[in-house]
Amino acid sequence: MLKKTLLYSLLAIYSLCCTSCFDILEEINIKNDGTGSMLVTFNMSKSKTKLASIMMLDSINGHKVPSEDEINLFLKDVTDYLEKTEGIGNIKKTKDFDNYIFTVSCDFKDVEQINGIFKDMIIEQNKKGGTHFSTKNFAFNSSEKTFHRYFTYDDSIKKSFNHLKSEDQKVFQDASLTAIYRFENPVTSISNTKAKVSPNKKAVMLKVGAMDFIMGKQSLANKIQLSK
């Protein structure tokens, strides 16, 4: 099931991230008819020398270190699930164990299908009493030419962080999440003042420091209006 696959994947990524600096890149390209593509990148290259040594261990700071075979397996599990998901196609994955950069990408027929990819995982986490994220992350109105990136801060994010060991908290100091959204029509307005519009007006980028995100100082939410 997706929720089990994604939870195992996140645990493996988490165990690596808790020993190194990391960056997550979320890229979405949307056409006027609502179809598009998505690419998610986990980049831990800033700590590749340290990670090369860590990968030789069984555990560190109380976290199990996944082997290359285990990382390959969960990447395969994720892509296998995507291949069975209606409306999702052209699924690809890349893995670079020299620089510790991993990507998963896919095409979609409707933005709602991206929400469906994460829905089971979020529902399962909410059942366990974790952070209560909404299952709706994205929306695109092709007639109004508006794109929404939804996000409502949950104080349990900060509480979960505060329960981490000090060694684990340190890795978030230089971590970041970058979101890039590209469109066919020019962008006329954005609601998130921290976001930046590209010179050609057809892309929006928002980079959020992990600590600002955890402490609720910066939001991922954004409403992007395109020209009609």
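Figures for the structure shown
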{"item": "Pick from the stretch 93-116, criterion open to solvent by 60 Å² or more (accessible area, probe 1.4 Å) and either more than 21 Å from PHE147 (Cβ to Cβ) or basic (Lys, Arg) (or both), ranking: farthest from the chain's Cα centre (by Cα)", "result": "ASP98"}
{"item": "Evaluation of ASP69 against (1) at pLDDT below 80; (2) over 25 Å from ALA175 (Cβ atoms); (3) open to solvent by 50 Å² or more (accessible area, probe 1.4 Å) (one fails), failing number", "result": "(1)"}
{"item": "Verdict on PHE74 being touching a Phe, Trp or Tyr at 6+ places or on another chain (Cβ under 8 Å) and more than 26 Å from HIS148 (Cα to Cα)", "result": "yes"}
{"item": "Where VAL104 falls short, out of the listed (1) of a type in the set (A, V, I, L, M, F, W, C); (2) touching a Gly at 6+ places or on another chain (Cβ under 9 Å); (3) closer than 21 Å to CYS21 by Cα; (4) at pLDDT 85 or above", "result": "(2)"}
{"item": "Whichever residue in the stretch 65-87 is touching a residue at least 12 places away in the same chain (Cβ under 8 Å) and of a type in the set (A, V, I, L, M) and, among such residues, is farthest from THR35 (Cα to Cα)", "result": "VAL65"}
{"item": "Residue in the stretch 197-214 that is farthest from the chain's Cα centre (by Cα), counting only those that are among the basic types (Lys, Arg) and assigned to a loop (DSSP other than H, G, I, E, B)", "result": "LYS201"}
{"item": "Given (1) part of a loop (DSSP other than H, G, I, E, B); (2) open to solvent by less than 30 Å² (accessible area, probe 1.4 Å), number of the condition LYS217 does not satisfy", "result": "(2)"}
{"item": "Residue identified as modelled with pLDDT under 95 and over 24 Å from THR41 (Cα atoms) among LYS170, LYS159", "result": "LYS159"}
{"item": "Looking only at the stretch 144-192, and only at residues there that are among the hydroxyl-bearing types (Ser, Thr, Tyr) and in contact (Cβ under 8 Å) with a residue 60 or more places away in the chain, the one that is surrounded by the fewest Cβ atoms within 10 Å (Cβ to Cβ)", "result": "THR152"}
{"item": "Residue check, ASN126 surrounded by fewer than 17 Cβ atoms within 10 Å (Cβ to Cβ), modelled with pLDDT under 80 and either β-branched (Val, Ile, Thr) or in contact with a His (Cβ under 7 Å, 6 or more places away or on another chain) (or both)", "result": "yes"}
{"item": "Only one of ASN90, ASN141 that is exposed (fewer than 15 other Cβ atoms within 10 Å of the Cβ), under 15 Å from MET38 (Cβ atoms) and modelled with pLDDT of 85 or more", "result": "ASN90"}
{"item": "Unique match (being open to solvent by 50 Å² or more (accessible area, probe 1.4 Å) and free of Cβ contacts under 8 Å to residues at least 24 places away in the same chain) among LYS207, LYS196", "result": "LYS196"}
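The values are calculated or read from the model by the stated rules, or taken from the named source; none is laboratory data. Only a predicted model underlies this, so the values are computations on that prediction, with no experimental measurement involved. Methodologically, a virtual Cβ is constructed for each residue, glycine included, from the backbone with ideal geometry; neighbour enumeration extends over all protein chains shown. Each accessible area value is taken on the protein alone, full model and side chains, heavy atoms only, with ligands, DNA and RNA left out. Shrake-Rupley method; radii C 1.70, N 1.55, O 1.52, S 1.80 Å.
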